[in-house]
1. Of the listed peptides 283-296, 209-222, what is their order by residue-averaged count of other C-beta atoms within 10 Å, with the highest listed first?
2. Of all DSSP beta bridges in region 282-390, what percent run antiparallel (nearest 5)?
3. Find out how many positive minus negative residues lie around ASP317, taking Lys and Arg as positive, Asp and Glu as negative, among other residues whose Cβ is under 14 Å from that of ASP317.
4. Could you tell me which of rounded, prolate or oblate describes region 164-280, using a ≥ b ≥ c as the square roots of the eigenvalues of the alpha-carbon gyration tensor, with rounded for a/c under 1.5 and, failing that, prolate when a/b is larger than b/c and oblate otherwise?
5. Please work out the Cα center distance from region 262-314 to region 214-229, rounded to the nearest Å.
6. Just subtract the alpha-carbon distance of ASP200 and MET368 from 0.36 nm times their residue separation and send over the number in nm, one decimal.
7. Dimensions of region 282-390 along principal axes (Cα, Å, largest first)?
8. If we sort 371-382, 240-251 on the protection proxy, mean other Cβ atoms within 10 Å, highest first, what's the order?
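Read the figures in this text as sums done on the coordinates, not as results from a lab. Please read all numbers here as calculations on a predicted model, not as lab measurements. FYI the Cβ positions are ideal-geometry reconstructions off the backbone, even for glycines, and counts take in every protein chain you see.
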Amino acid sequence: MRVLGLFLVLVPLACGSPDPGGGGSMSGGGSASATSGATDGTGGGTGGVTDGSASASASASAGTAGGCSPGLVICGDLCVDVSADPDHCGSCGNNCDQGDACVSGNCVRDCAIGATLCGIECVSTDSDPNNCGQCGNACADGMVCAGGVCTGSCPPNTIQCGGACADAASDPLHCGGCNEQCGGGQLCSSGNCTCGPGLDACGFGCTDLQTDPNNCGQCGNECGQGTCVNGACACAVGQTSCMGQCADLQTDVNNCGMCGNDCANNVEVCGAGNCACRPGLTECGGQCVNLDNNPNNCGQCGMQCDQQCGGGQCVQDCGGPFPDQCGDSCTNTDNDPLNCGDCGEQCDSDQLCVNGQCRGYTLAPCNMCPCDACNGNCCQSDFVDAAVCINGNECP
């Protein structure tokens, strides 16, 4: 069962192919984003990357030169911080391995227990002559580092590895021998790398199988959008398990209000558990149509045209602001999200058409442009008859 109603909450959904639609033009500029990253650490203990510092790359960002705010780089339709984004680390498309962090544009694996992150490198401050006792404390030429102190020679029960005097039984960077490094979350015990208490080895590092959503209960068991609780995958608060997948019944177009209730692709959205026509479309006889160019509902529900429909009026020929003919519809494939770039090429219901390409958008909370919440990327949309924040730095 599908319930139709009017509301303006937008969520992503899959592609489909219903009624022809069209229209819409905008004006405005840029979009906003944040990336997920990490800061440098100097303390010992578990080591590795500590608190996250920059924001996430999931949505586009906007603003000034190049369409991005200062400090961000445009990667496709996204503005990202390449110094901290693990999906674009150092440059667009440079993905860090799973579990690695992006620090100063470099992919950094979690440090072993007992190692310290100095800049982008995991070191042992007990033995590293460039970071002896603390990050940045370099020993003078001819000196070595032993026990965190610069000295003239290595003491007994240590091995000399260049300028490092390491205890091979416990040094996580020289475990059992020079340059034998332990992985993230591992410790060096009796010259062997092993996982710390409560952790298990998965791949190159150690993890807590009770809480790791990428290794829940066993290595490689991923929970998707869910969480890992006591070694078992579970849906996050506010989500329901539908055929083994976690879904928000309030907004999921494939499980709207109840598991398995699909909203019509591209023309409907799900809000408050009900399917409704996407902004810009009108319900006529149980279908979501564009009154601007639907020949069976031209300008109003039930108004049929003997010829074409364009701009909400029956016309003999397509032209002017609606130059492209798609069936009996006159539209503009540069900005028609239901005929984007070509007839029948439909954008998702959370996208608009910009110069013949689908771009994600959300309704601007300010209701009109300019809108600070859009970070300079506010557009006035004729299609949805509202101000929108749109990905990228163009408006239709």
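1. Details: 283-296: 21.3, 209-222: 16.4.
Those peptides, ordered most packed to least, come out 283-296, 209-222.
2. Working: 21 of 22 bridges.
Antiparallel bridges: around 95 percent, rounded to the nearest 5.
3. Numbers: positive: none; negative: ASP306, ASP324, ASP328.
Local charge sum for ASP317: -3.
4. Values: a/c = 5.52, a/b = 3.49, b/c = 1.58.
It is prolate, given that a/c is not under 1.5 and a/b is the larger ratio.
5. 42
6. Numbers: separation 168, 0.36 × 168 = 60.48 nm, distance 5.31 nm.
Gain in length upon complete extension: 55.2 nm.
7. 46, 26, 23
8. Numbers: 371-382: 21.5, 240-251: 15.9.
Ranking the peptides 371-382, 240-251 by packing returns 371-382, 240-251.
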